[in-house]
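The values are calculated or read from the model by the stated rules, or taken from the named source; none is laboratory data. This structure is a prediction, so every number in the text was calculated from the model and none was measured. Cβ sites come from the backbone with ideal geometry, for glycine too, and all protein chains shown count toward neighbours.
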Amino acid sequence: MTAGAIVAHFDVAQIAIYAFWLFFFSLIFYLRREDHREGYPLVPDYPGQAVMDYPPLPTPKTFLLADGHEVLAPRAEAPEIVHGERALPWAGAPFEPVGDPMIVGFGAAAYAMRADVPEHAYDDGLPKIVPLRSAGDFFIATEDADPRGFRVFGLDSVPVGTIVDTWIDRSEYIVRYLEVELDAEFGARRVLLPMHFAKLRPKAAAVHVNAITGAYFATVPGTQNPDVVTSREEDRISAYYAGGLLYATPARRGPLL
């Protein structure tokens, strides 16, 4: 065979396309295995039900997070407790919450189990969502209404407490929560009200919450630290108010038609 005569004995174009197919298949296989690092192995709905786990789980790998913590994935996790049951006895039937749907974290009031630590700002590593009393460099602009001192009313127009502070996002420069000091009949404690569930009425010095009735304020999830809110606590609090949009009154639980 003379020099440079490889193409006379091999179909280079065909070899190239086969090599591309092999590379592309290997890439898809690798990406699908990496997809299985979180949320796997799958858990069947019924005992004995077959669940296809293909491709197989990848070799566990340790990931170093920005806050210095290490996470192993995939990893063994405790079985998730689901506070719900099927409305009908066959696969594909919808689940109905068991117990108080506002508390059990199922359905409209479900939330993600994020880390039970506060989210930190990138520039200084300090908690990014804090009350205004703890953020000396921040203030409410004079052209905006200062809600501190406003009375809070539930869906049923029942007064439940008074706004005593605002919680700001030091990274986004916006108000995330209003801190409500509840009246004695609702527990005489402080709870957070997500800003997107609050309707401010500055002329009436009032805040109206359409998500829940006054009685539900007594069981709003609290925070472990009065000046810090963790990611998991944020999710629980927001899910509680969101669940009220479906569960707060009997009329909301039924169909519109």
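Per-residue answers, yes or no, for (1) surrounded by 10 or more Cβ atoms within 10 Å (Cβ to Cβ); (2) assigned to a strand (DSSP E or B):
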| position | (1), (2) |
| --- | --- |
| M52 | no, no |
| P55 | yes, no |
| A66 | no, no |
| V71 | yes, yes |
| I81 | no, no |
| P89 | no, no |
| P101 | yes, no |
| A108 | yes, no |
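For (1) more than 25 Å from the chain's Cα centre (by Cα); (2) under 27 Å from G107 (Cβ atoms), each residue gets a yes or a no:
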residue	(1), (2)
E34	no, no
R37	no, no
P41	no, yes
P44	no, yes
L72	no, no
R75	no, no
G84	no, yes
A91	yes, yes
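Check off (1) touching a helix residue (DSSP H, G or I) at 6+ places or on another chain (Cβ under 7 Å); (2) in the same structural domain as P194 (by TED's automatic domain parsing); (3) aliphatic (A, V, I, L, M) for L126 and give me the number that stays unchecked.
Failing condition for L126: (1).
Matching residues to (1) exposed (fewer than 15 other Cβ atoms within 10 Å of the Cβ); (2) at positive phi:
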site: E181; (1), (2): no, no
site: E185; (1), (2): yes, no
site: A188; (1), (2): yes, yes
site: A198; (1), (2): no, no
site: P202; (1), (2): yes, no
site: A206; (1), (2): no, no
site: P221; (1), (2): no, no
site: Q224; (1), (2): yes, no
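Taking strands (runs of 3 or more DSSP E) that fall entirely within segment 168-238, which contain at least 3 residues that are within 21 Å of M102 (Cβ to Cβ) and assigned by TED's automatic domain parsing to the domain that holds R151?
Per the criteria, 174-182, 190-194.
Do the conditions hold for A206, that is, is it farther than 21 Å from S134 by Cβ and not β-branched (V, I, T)?
Considered against the rule, which asks whether it is farther than 21 Å from S134 by Cβ and not β-branched (V, I, T), A206 comes out as yes.
Residue by residue through segment 42-100, note down the ones that are over 30 Å from A121 (Cα atoms) and either touching an Asp or Glu at 6+ places or on another chain (Cβ under 7 Å) or among the basic types (K, R) (or both).
L42, P58, G84, E85, R86, A87, A91, F95, E96, V98
Filtering segment 131-157 down to residues that are of a type in the set (V, I, T) and closer than 27 Å to F217 by Cα, which residue is surrounded by the most Cβ atoms within 10 Å (Cβ to Cβ)?
Of everything passing the filter in segment 131-157, V152 is surrounded by the most Cβ atoms within 10 Å (Cβ to Cβ).
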